[in-house]
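The values are calculated or read from the model by the stated rules, or taken from the named source; none is laboratory data. The shown structure was predicted, so the numbers you read here are calculated from the model rather than taken from an experiment. Cβ placement follows ideal geometry from the backbone for every residue including glycine, while neighbour counts extend to all protein chains displayed. Ligands, DNA and RNA are stripped out before the accessible areas are found, and what is left, the full protein with its side chains, is counted by its heavy atoms. Shrake-Rupley method; radii C 1.70, N 1.55, O 1.52, S 1.80 Å.
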Amino acid sequence: MNDCVFCKIIDGSIPSKTIYEDEKIKVFMDINPVANGHLLLIPKKHIKDITELDDENLIYFKNIINNKITPMLKEKLNIEGLTIIQNNGYGQEVKHYHIHLLPRYQNDNMETRIEKENIKNVDLIYEELSK
Ligand code: 5GP
Ligand code: ZN
């Protein structure tokens with residue numbers, strides 16, 4: 001039995017506040033939003049993360065975001081920007097590929113960084129990456 005929570009959202013056994021759906025994807029409201037209008041875009045086919053994502057789907061997601069979701073968010077929520085986050089491995093709670101769409105507004109003070117004291121000097125990291 002598939003106990004993936006997002007597969008259950010797709011088959012309707014877990015309800016969701018869906019704002020867009022077609023044969024390939026579903027876009028619905030995150031149950032625990034970190035921004036006003038925080039949405040999740042998921043493929044209907046279960047894939048784990050970016051390592052299993054094919055080019056065709058990636059382009060499809062981009063086009064839906066550009067042509068359907070962003071215009072709708074601009075019209076209905078007057079968004080001024082859209083921050084896109086997609087977790088893989090550590091940091092990914094639900095192991096069904098999903099894109100976080102986070103509406104942005106001037107002065108919303110969103111923070112997207114690890115704890116400031118854990119940020120190492122850029123030169124140290126660059127040295128590691130360049131070895
Ligand atoms: P991740 O940490 O995997 O990138 O994010 C998973 C997201 O899924 C979280 O933001 C969490 O609030 C959301 N989420 C988890 N379970 C459910 C659910 O049953 N319904 C909805 N709408 N969102 C969920
Ligand atoms: Zn799934």
Candidates T112, T70, T18, ranked by Gaussian network fluctuation over the chain, Cα under 10 Å, top entry: T112
Let's test the formula: R0 of 41 Å, r as the Cβ-Cβ distance of L129 and N78. What FRET efficiency results, to the nearest 0.05? 0.55
Find me the longest stretch of the chain that has none of the exposed GluC sites (Glu not before Pro), where exposed means in a DSSP loop (not H, G, I, E or B) with at most 15 other Cβ atoms within 10 Å. 24-79
Provide the solvent-accessible area of K48, counting protein heavy atoms only and rolling a 1.4 Å probe, rounded to the nearest 10 Å². 90 Å²
The set of residues whose placed amide H lies less than 5 Å from the amide H of T83, leaving out same-chain residues fewer than 5 positions away, is L102, R104
Mind checking which lysines have their Cα closer than 17 Å to the Cα of K76? Skip sequence neighbours fewer than 8 apart in that chain. K17, K68
Computed over the chain: longest principal axis from alpha-carbon atoms vs helix 55-64 long axis, angle to nearest 10 degrees, is 80 degrees
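If we count every other residue with Cβ under 14 angstrom of N2's Cβ, Lys/Arg +1 and Asp/Glu -1, where does the sum land? Write down the numbers at each step before the final one.
Working: positive: K8, K44, K45, K48, K95; negative: D3, D11.
Counting the neighbours of N2, the net charge comes to +3.
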Tell me what the chain gives for mean residue ellipticity at 222 nm when only DSSP H runs of n ≥ 4 count, each as -39,500 (n - 2.57), the sum divided by the residue total, rounded to 500 deg cm²/dmol. -7000 deg cm²/dmol
Around L129, what is the net charge, scoring Lys/Arg as +1 and Asp/Glu as -1 over all other residues with Cβ under 15 Å from its Cβ? -1
Give me the number: length gained by fully extending E111 to I59, i.e. 0.36 nm times residue separation minus the C-alpha to C-alpha distance, one decimal in nm. 16.0 nm
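Can you bin region 34-115 into rounded, prolate or oblate? Criterion: square roots of the alpha carbon gyration tensor eigenvalues sorted a ≥ b ≥ c, rounded for a/c under 1.5, prolate for a/b above b/c, oblate for the rest. Can you show the working numbers first?
Values: a/c = 2.48, a/b = 1.28, b/c = 1.94.
The shape class here is oblate.
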Report, in whole Å, the centroid distance computed from the Cα atoms of region 8-46 and region 57-131. 17 Å
If I build a Gaussian network model for the chain, linking alpha-carbon pairs within less than 10 angstrom, which residue out of I47, I69, I14 has the largest mean-square fluctuation? I14
Using a Gaussian network model on the chain with a 10 Å cutoff between Cα atoms, which of K68, K116, K24 fluctuates the most? K116
